[in-house]
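Engineer: Handing you this structure, nothing more for now.
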Amino acid sequence: MIQTLSDALAQQGYDTLTPVQEAVSDPALETTDLLVSAQTGSGKTVGFGLAIAPNLLVDSLQFTAASAPLALVIAPTRELALQVKRELAWLYAKAGAVLASCVGGMDMRDERRALARGAHIVVATPGRLRDHIQRGSLDMTALRAVVLDEADEMLDLGFREDLEFILGEAPENRRTLMFSATVPRAIATLAQHYQKQAVRIATASETSQHSDIEYRALSVAMRDSENAIINVLRYYEAPNAIVFCNTRAMVNRLTTRFSNRGFSVVALSGELTQNERTHALQSMRDGRARVCVATDVAARGIDLPNLELVIHAELPTNFETLLHRSGRTGRAGRKGVSTLIVPAKNRSKAQRLLKMAKVTAEWAAPPSADEVTERDQLRLLEDPTWQEPVAEGERDFVQKLTELYSADQIAAAYMRLYAGRTSAPEDLDPAPQEEARKPRTEFGASVWFAVSQGRADGAEPRRLLPMVCNAGNITKDDIGAIRIQQSESFVEIRQESAAAFEAAVGPGGKLEDNIRLRKLDKAPDLSQSPREPRSDYKGKKPSSGPRAASASRPQSSPRPHAPSRPKPGAKPRDARPDFSENRKPRDVKTERSKPDPRPERTRPEGVVEPRKPKKPAGAKPQPAHKKAAYSNDKPKAAPKDGPKPGGYKDKGGDRPKGKAEPRSKGKEGGFSKPRSASAAAGKPDKRSSDAAAPSGGGGDAAKRYRAAANDTSKRFVPPGGKASAKPRSGGTGGTDKTRVSKGPNAVPRRSKSKT
């Protein structure tokens with residue numbers, strides 16, 4: 001062993017090495033890859049620190065100036081990574097090693113600066129390490145060793161892709177060491193791909209898992225699970241205890257309840273930040289907190305010096321998690337207790353987990369309130385304060401107490417004050433006891449009876465059993481086999497109870513209204529009885545209708561269609577002409593090959609056809625659903641300065657092209673006076689026609705004018721603009737949006753067009 005590391009171990013009080021530390025530090029394995037499995041708390045961190053030392057300190061006792069990392073240690077969680085960094089820091093302190101960490105939740109800029117300054121060993125989590133590699137802030141060209149701590153946990157957490165990426169980027173001549181509590185198939189596969197002729201090391205302590213841990217399985221009632229946890233904490237009064245839960249909701253629930261009961265408690269779950277998790281663990285180490293409620297995120301690698309009690313508030317999902325949880329206690333030769341809270345419905349699951357984990361647990365009931373009180377009194381009497389003499393400064397007050405109160409009063413007051421510092425224990429209900437199954441003895445001689453009810457009548461064992469027991473005044477132990485046939489059933493009765501059974505039933509053998517019982521001379525022969533089709537569970541007879549004979553019906557028989565109901569007003573089907581005879585089959589190829597009957601347009605060279613003018617925006621017909629005769633919008637007032645030079649915008653309509661005839665003159669810039677009711681109804685107005693009719697008094701011009709006057713689309717021309725495309729209200733178009741006031745003398749008003 002390198003002298004600087006040996007001095008560091010001696011300074012920490014290491015007299016002897018653990019089995020896993022001795023195995024991995026064998027000089028014969030200095031250049032080989034290792035796959036190590038050992039129980040938690042066996043000193044794996046110091047073990048791989050000793051294993052990679054010959055690769056880092058080559059022919060030297062001290063490290064040279066730090067530049068690119070020489071070793072890379074990967075851990076699944078932030079807490080474990082920081083703990084590994086602390087362990088390696090004191091192990092390589094005398095060798096002058098510079099360590100850096102790359103874990104999630106920390107400032108990545110600080111980590112990048114630390115890597116730029118140089119480091120000999122980098123401890124990281126998979127996700128953050130991959131980020132540094134992809135960003136180019138970590139130089140892996142000088143790596144000599146890569147260590148995967150708790151490799152099985154990293155695969156369980158979904159870091160397989162990250163690990164494969166990291167190992168793929170590492171140099172080929174590196175040394176790869178994998179440490180894990182167990183070696184499942186996934187770990188073996190990973191080792192096969194990324195290790196070269198790895199040596200498998202399984203320490204002797206692996207076969208005797210957790211020899212320093214006392215396992216206790218406590219059977220509790222379902223509603224007393226949380227109360228049992230409180231009594232267990234009060235019974236042991238451990239300096240540090242961890243209560244494991246499966247969900248964060250359960251962590252929050254128990255943390256709140258323990259805090260209300262006076263326990264100094266902290267929470268540890270994945271929803272907390274790195275700073276909060278660090279403070280929680282530090283408070284446990286300092287003694288400011290005694291109970292930690294955590295999820296499985298804390299089951300890996302967390303090392304608390306005074307952790308003596310582990311409580312499984314909820315059973316883990318697999319035995320590996322059970323071992324990792326329990327491995328937080330009983331570390332480095334210390335004793336610990338692992339307690340499983342087992343409700344009655346989870347007893348079989350707990351037994352299966354313990355069997356798969358190869359550990360033996362003591363089944364018992366949780367501590368009762370009296371047992372907790374008795375344990376408190378014992379701790380009080382064993383307190384070393386009783387053996388200390390009375391100090392000089394305490395003598396006057398002690399004398400004063402003895403003068404004022406008797407010894408009984410002083411003792412009672414002291415007990416009350418002592419009990420007031422802790423939470424009162426809970427009163428628990430006794431857990432339901434699991435009934436042991438009685439071994440079934442041989443039935444012996446018997447007598448058979450026939451029941452006049454079979455499968456066709458809905459007979460079932462669950463119905464016949466209570467019927468026979470009630471009628472014959474016997475128990476189910478006196479009944480052997482029950483055989484249900486199609487038309488009747490057979491029941492086996494113990495020969496010792498047959499006579500009393502017949503007497504209770506009576507000579508008529510009546511079990512119920514229509515069910516009769518008769519005695520058989522011998523056991524029924526059921527071997528040759530034909531098996532008829534079973535009816536459904538409701539006891540209905542099999543259907544004998546048309547569907548039962550579907551097998552004999554020819555498959556090609558067409559199903560008659562029901563006559564369709566004719567639509568109202570439709571012609572009868574017979575009265576419609578039939579064009580099916582005149583139809584010809586469609587030839588797709590022929591139709592595609594036919595020439596286009598339309599003549600090809602030809603244009604002489606040099607001739608340019610004029611482009612058709614675009615239709616104005618207002619010429620597009622407006623949909624019918626958007627047309628409205630009236631509008632509820634209040635018309636805006638006319639502008640004082642008259643209309644804009646551009647006139648009013650035309651919003652479309654089916655008005656004919658051309659300029660409409662001018663209306664009667666009104667106020668400049670505004671609208672003319674309302675027309676008469678006859679004009680509003682679409683009739684020509686004599687006043688307007690007389691005033692605006694062309695001179696001549698008749699002829700074709702007068703006829704054209706009267707025709708234009710009846711056209712509602714040509715009745716209004718805005719001053720200085722084009723004719724409106726929207727006719728007035730009352731015409732046939734009905735597209736003008738007007739507002740009509742209520743009342744007998746209502747006059748339609750035109751809404752102002754938007755400019």
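No value in this document is a laboratory result; all are computed from the given coordinates. Only a predicted model underlies this, so the values are computations on that prediction, with no experimental measurement involved. As a convention, Cβ positions derive from the backbone with ideal geometry for all residues, glycine included, and neighbour counts pool all protein chains shown.
Engineer: Please list, in chain and number order, the residues 5+ apart from Glu426 or on another chain whose amide H is under 5 Å from its amide H, with Hs placed from the backbone.
Structural biologist: Amide H neighbours of Glu426: Asn231.
Engineer: Now, a different point. With a ≥ b ≥ c the root eigenvalues of the C-alpha gyration tensor of region 213-376, is it rounded (a/c under 1.5), prolate (a/b larger than b/c) or oblate?
Structural biologist: Values: a/c = 1.39, a/b = 1.20, b/c = 1.15.
Rounded shape, in that the Cα axes give a/c under 1.5.
Engineer: Kindly list the residues of region 383-398 that lie in the label zone of Leu417, defined by a backbone N under 11 Å from the point 7 Å along the Cα-to-C-beta vector.
Structural biologist: 398
Engineer: For a quick check of your reading of the filter: which GluC sites (Glu not before Pro) in region 17-97 sit in a DSSP loop and have no more than 16 other Cβ atoms within 10 Å?
Structural biologist: Working: sites: Glu22, Glu30, Glu79, Glu87; in loops: Glu30.
Answer in residue order: Glu30.
Engineer: Further question: Kindly write out, for region 144-157 in residue order, the coupling ³J(HN,Hα) from the Karplus curve 6.51 cos²θ - 1.76 cosθ + 1.60 (θ = phi - 60°), rounded to whole Hz, with x marking Gly and Pro.
Structural biologist: For region 144-157, the Karplus-derived couplings read 10, 8, 10, 10, 10, 8, 6, 5, 5, 5, 5, 5, 5, 7 Hz, x marking Gly and Pro.
Engineer: Still on this structure, please answer the following. I need the fraction of alpha carbon pairs in region 3-206 separated by more than 23 Å, rounded to a whole percent.
Structural biologist: On the way: 8207 of 20706 pairs.
Summing the P(r) of region 3-206 above 23 Å gives 40 percent of all pairs.
Engineer: Determine the alpha carbon to alpha carbon distance for each of Lys196/Lys335; Lys355/Lys476; Lys94/Lys196; Lys85/Lys349; Lys85/Lys196 and list only those over 30 Å.
Structural biologist: Pairs exceeding the cut-off: Lys196/Lys335; Lys355/Lys476; Lys94/Lys196; Lys85/Lys349.
Engineer: Calculate the spin-label point distance for Thr385 paired with Ala499, positioning each point 7 Å from the Cα along the beta-carbon direction, and give it in nanometres.
Structural biologist: Roughly 7.9 nm, to one decimal.
Engineer: Distance between the C-alpha centers of region 501-526 and region 174-191? Whole Å please.
Structural biologist: Centre-to-centre distance over Cα atoms comes out at 71 Å.
Engineer: Tell me, Cys245, Cys469 in order of fewest to most beta-carbon neighbours within 10 Å?
Structural biologist: Cys469, Cys245
Engineer: Could you tell me which of rounded, prolate or oblate describes region 239-285, using a ≥ b ≥ c as the square roots of the eigenvalues of the alpha-carbon gyration tensor, with rounded for a/c under 1.5 and, failing that, prolate when a/b is larger than b/c and oblate otherwise?
Structural biologist: Values: a/c = 1.73, a/b = 1.09, b/c = 1.59.
It comes out oblate by the Cα gyration axes.
Engineer: May I pose another question? In whole Hz, what ³J(HN,Hα) sequence does region 380-396 give by Karplus (6.51, -1.76, 1.60; θ = phi - 60°), x for Gly and Pro?
Structural biologist: After applying 6.51 cos²θ - 1.76 cosθ + 1.60, I find 5, 6, 7, 5, x, 5, 5, 8, 7, x, 6, 6, 5, x, 8, 5, 4 Hz.
Engineer: Can you list residues from other chains, or at least 5 along the same chain, whose modelled amide H is less than 5 Å from the amide H of Ala289?
Structural biologist: Placed amide hydrogens put Met284 under 5 Å from Ala289.
Engineer: With +1 on each Lys and Arg Cβ and -1 on each Asp and Glu Cβ, and nothing else charged, work out how big the dipole of region 342-429 is about its Cα centre, in Debye to the nearest 20.
Structural biologist: Once rounded to the nearest 20, the dipole reads 1020 debye.
Engineer: What do you get for GluC sites (Glu not before Pro) in region 379-420 restricted to DSSP loop and a cutoff of at most 14 other Cβ within 10 Å of the site's Cβ? Don't skip to the end; give the middle numbers.
Structural biologist: Values: sites: Glu382, Glu392, Glu394, Glu403; in loops: Glu382.
The qualifying sites are Glu382.
Engineer: Ordered by residue, what ³J(HN,Hα) values in Hz, to whole numbers, does region 358-373 give under the Karplus form 6.51 cos²θ - 1.76 cosθ + 1.60, where θ = phi - 60° and Gly and Pro are x?
Structural biologist: Values per residue, Gly and Pro as x: 6, 10, 10, 10, 8, 8, 7, 8, x, x, 7, 5, 5, 5, 5, 5 Hz.
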